[in-house]
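Novice: Pasting in a structure now, in structure tokens, and then I'll have a few things to ask.
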Amino acid sequence: MSKSATTTLTANKRRNGLWKQICRRWQLFLFLIIPLAWLITFCYIPMGGVQIAFKNYMPKKGILGSDWVGWTHFLKFFNSFYFGRTVGNTLRISLYSLCCSFPLSIIFALMMNLIINAKFKKVVQTLTYMPHFISTVVLVGMLNQMLNPVAGLYGNIYRLFHPGEYPVDILARANSFDHLYVWSGIWQNLGWNTIIYMAALSGVDPELHEAAQIDGASRLKRVWYIDLPVLLPTASIMLIMNSGSIMSVGFEKAYLMQNSVNSVYSEVISTYVYKTGLGGTTNQMSYAAAIGLFNNVINGILLITVNYISKKLSGGTNSLF
Amino acid sequence: MAAKVVNARKIKHPLEDRILYAVVYTIIILFCIVVLYPIIFVVSASFSSGTEVQLGHVYLWPVKPSLDGYEAVFSHKNVMNGYRNTLFYTLAGTTINVIITVICAYPLSRRDMPMRGFFMFLYTFTMFFGGGLIPTYLLVNSIGMNNTIWALLIPGAMSVYNMIITRTFFQNSVPVELLEASQIDGCSDARYFFSVLLPLSQAVISVISLYYAVGHWNSYFSALIYLRKVELQPLQLVLRNILLATRISLNEFEDPDLMDGMVGLEFLVKYALIVVSTAPIMCLYPFVQKFFAKGVMLGSVKG
């Protein structure tokens, strides 16, 4: 009896303490009101809105008033012919992209680190960061223009070697989509992706290099035994972040690069959600929301799993949270 | 110091190393050419004459220089309008973004903020899970923002990632002694924010402003889903409609007759459009480059 009384007393005290603290810091809460209202409205209310994935959404009845249908939309998607296609395309494209851009950016950072002349290094960095700021629309527009077999750069160069002839239209070949998507991404972001590695490399203790030099290690050996190990923690964090988004291919670029020829290869989950939910005339919002939710959940699980594995392997040092 | 340099020079000469440097420098120069060449080509093509572009005579420098492409672009009805809209969205959007981000990051950066961990969790959780496209669209639709300028300004009013960058800066780069000193002098929490913290945070504020501004300038997705009125559409959406169209209708120009006789107009217009829409960012870029790089670094420090 007395024990429970004391616990309620301390709980009361604590609650009072919290209340007192809040009163003392009321100005800070004033600052937080607008951002918090925004967060709740535009992040948490839509999270509540995912219930339409389990309902048959009718605009007239609203989200709350529509009828529950359980897992119908999910089952419909899993059984549809688009399930294999969109999931397959998404996984294929993002894995291809990850397998190329992840190692390449590490290699490129190591190479940039080998540049001795500081001015030249600065020029290289300025040049290679530049494409990062080109918008997706312009990037895809450039791709289309340059690969045009008649008036594009690709056609022009082809005709240097085969006068009077026109090359095969790469854009009209379905299976070239993957390569165009991935390599244009690397063109755009390889330089930018090295920033974080360059920063890690700048933290290498020069004494390590000096000691290795005195012991007769070549520059390549020093890259392998000094520079690369320094990059590993950063690299594993980057790998975690990238693996978490392996089930998501950005909507913007995939949608812009789609055409009637390559849709077998280019239809990814995000574009399919947009098309079924908002793009077409048919009202399939619930169905689209179900696909989106499915994708979100998989992404979340992936991120948590990869993070867990990395934490275990590194003994708690390499993890996001 | 001098001894060190001499020393380094003596050791740096093994043949093995020289081969490595030669290979690395070659690869880096090749990559720079690969990055630069398409950009130069687009600029050159946009300044060439339509006939030469269509015949495919442009390789590196403009052939028969002309400004036809730019004339056509600037007489296109939607382009100038899109340009004005984008300027507005970028200025207004960035202002809103920065204000909301900063006033959110400040309380969350204070160690004496009650329930700070809980609020931080609320924000970071949204980085890993969200409602998704359809529920967000329905919400924006239901509060009547659809097809208004607000759809581009309010739903994306803050990026949690940038907020965390700002918060980390407030925590790590502004000495906590300043807060203690001003509290002893009887400074309120609001006064501290405006008179001490903000003036010291120009670095992070410029970084996030740049991030937001580039984001607004380059984005087309929200406009694609929310804005159907042509007069509200930003440049990127106008660009998309023109760049990805196979034919350009002459009616879209203010003076269709002028454009009618122009050979290779479509190619020229597209090249010129790419230049016109990207030029502002590219001109600004060398000056702000160090800020961008700094931002990546700020974000990588966990607070």
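The values are calculated or read from the model by the stated rules, or taken from the named source; none is laboratory data. Everything numeric here is computed off the predicted structure, so don't read it as measured data. Neighbour counts are summed over all protein chains in view; Cβ atoms, including those assigned to glycine, are modelled from backbone coordinates with ideal geometry.
Novice: For the stretch B:105-121, check the following and say yes or no: at least one residue is part of a helix (DSSP H, G or I), aromatic (Phe, Trp, Tyr), more than 30 Å from A:GLY17 (Cβ to Cβ) and touching a helix residue (DSSP H, G or I) at 6+ places or on another chain (Cβ under 7 Å).
Specialist: The answer is no, given that none of the residues of the stretch B:105-121 is part of a helix (DSSP H, G or I), aromatic (Phe, Trp, Tyr), more than 30 Å from A:GLY17 (Cβ to Cβ) and touching a helix residue (DSSP H, G or I) at 6+ places or on another chain (Cβ under 7 Å).
Novice: Does at least one position in the stretch A:231-238 carry a residue that is over 30 Å from B:LEU133 (Cα atoms) and touching a Pro at 6+ places or on another chain (Cβ under 8 Å)?
Specialist: no
Novice: If only one of B:TYR161, B:TYR192 is assigned to a helix (DSSP H, G or I), hydroxyl-bearing (Ser, Thr, Tyr) and either in contact (Cβ under 8 Å) with a residue 40 or more places away in the chain or closer than 30 Å to A:VAL297 by Cβ (or both), which one is it?
Specialist: The unique qualifying residue is B:TYR161.
Novice: Scan A:ASN79, A:ASN56, A:ASN89 and give me the residue that is within 30 Å of B:PRO135 (Cβ to Cβ), of a type in the set (S, T, N, Q) and not assigned by TED's automatic domain parsing to the domain that holds A:ILE240.
Specialist: Working: A:ASN79 fails: not assigned by TED's automatic domain parsing to the domain that holds A:ILE240; A:ASN89 fails: not assigned by TED's automatic domain parsing to the domain that holds A:ILE240.
Among A:ASN79, A:ASN56, A:ASN89, only A:ASN56 is within 30 Å of B:PRO135 (Cβ to Cβ), of a type in the set (S, T, N, Q) and not assigned by TED's automatic domain parsing to the domain that holds A:ILE240.
Novice: Restricting the stretch B:231-256 to residues that are assigned to a helix (DSSP H, G or I) and exposed (fewer than 14 other Cβ atoms within 10 Å of the Cβ), which is modelled with the highest pLDDT?
Specialist: Residues of the stretch B:231-256 assigned to a helix (DSSP H, G or I): B:231-232, B:235-243, B:250-252, B:256.
Next, from what is left, pick out any that are exposed (fewer than 14 other Cβ atoms within 10 Å of the Cβ): B:231, B:251, B:256.
Numbers: B:GLU231: 87, B:ASN251: 63, B:PRO256: 61.
Per the stated criteria, the residue is B:GLU231.
Novice: Here are some conditions: (1) closer than 30 Å to A:TYR57 by Cβ; (2) in a helix (DSSP H, G or I). B:MET145 meets all but one. Which one does it not meet?
Specialist: The number of the failed condition is (2).
Novice: To continue, here is another question. Among residues belonging to the stretch B:39-51 that are in contact with a helix residue (DSSP H, G or I) (Cβ under 9 Å, 6 or more places away or on another chain) and either under 20 Å from A:TYR166 (Cα atoms) or surrounded by fewer than 16 Cβ atoms within 10 Å (Cβ to Cβ) (or both), point out the one that is modelled with the highest pLDDT.
Specialist: The residue in question is B:PHE41.
Novice: Quick check on this structure: which one of A:ASN113, A:ASN148, A:ASN156 is closer than 28 Å to B:LEU55 by Cα, at the interface with chain B (Cβ under 10 Å from one of its Cβ atoms) and under 31 Å from the mean Cα position of the chain (by Cα)?
Specialist: A:ASN148
Condition check ((1) away from every other protein chain (no Cβ under 11 Å); (2) of a type in the set (A, V, I, L, M, F, W, C); (3) within 22 Å of A:ARG92 (Cα to Cα)) across all residues:
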| position | (1), (2), (3) |
| --- | --- |
| A:GLY216 | no, no, no |
| A:ARG219 | no, no, no |
| A:VAL230 | yes, yes, no |
| A:SER236 | yes, no, yes |
| A:GLY250 | no, no, yes |
| A:GLN258 | no, no, yes |
| A:VAL264 | yes, yes, yes |
| A:TYR287 | no, no, no |
| A:ASN299 | no, no, yes |
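Novice: What are the pairs, 6+ residues apart or on separate chains, where a residue within the stretch B:95-112 that is assigned by TED's automatic domain parsing to the domain that holds B:SER201 has its Cβ under 8 Å from a residue that is of a type in the set (Asp, Glu)?
Specialist: Cβ pairs passing all conditions: B:ARG110/B:ASP189.
Novice: From the list B:LEU122, B:LEU87, pick out the single residue that is assigned by TED's automatic domain parsing to the domain that holds B:LEU179, over 23 Å from the mean Cα position of the chain (by Cα) and surrounded by fewer than 21 Cβ atoms within 10 Å (Cβ to Cβ).
Specialist: B:LEU122
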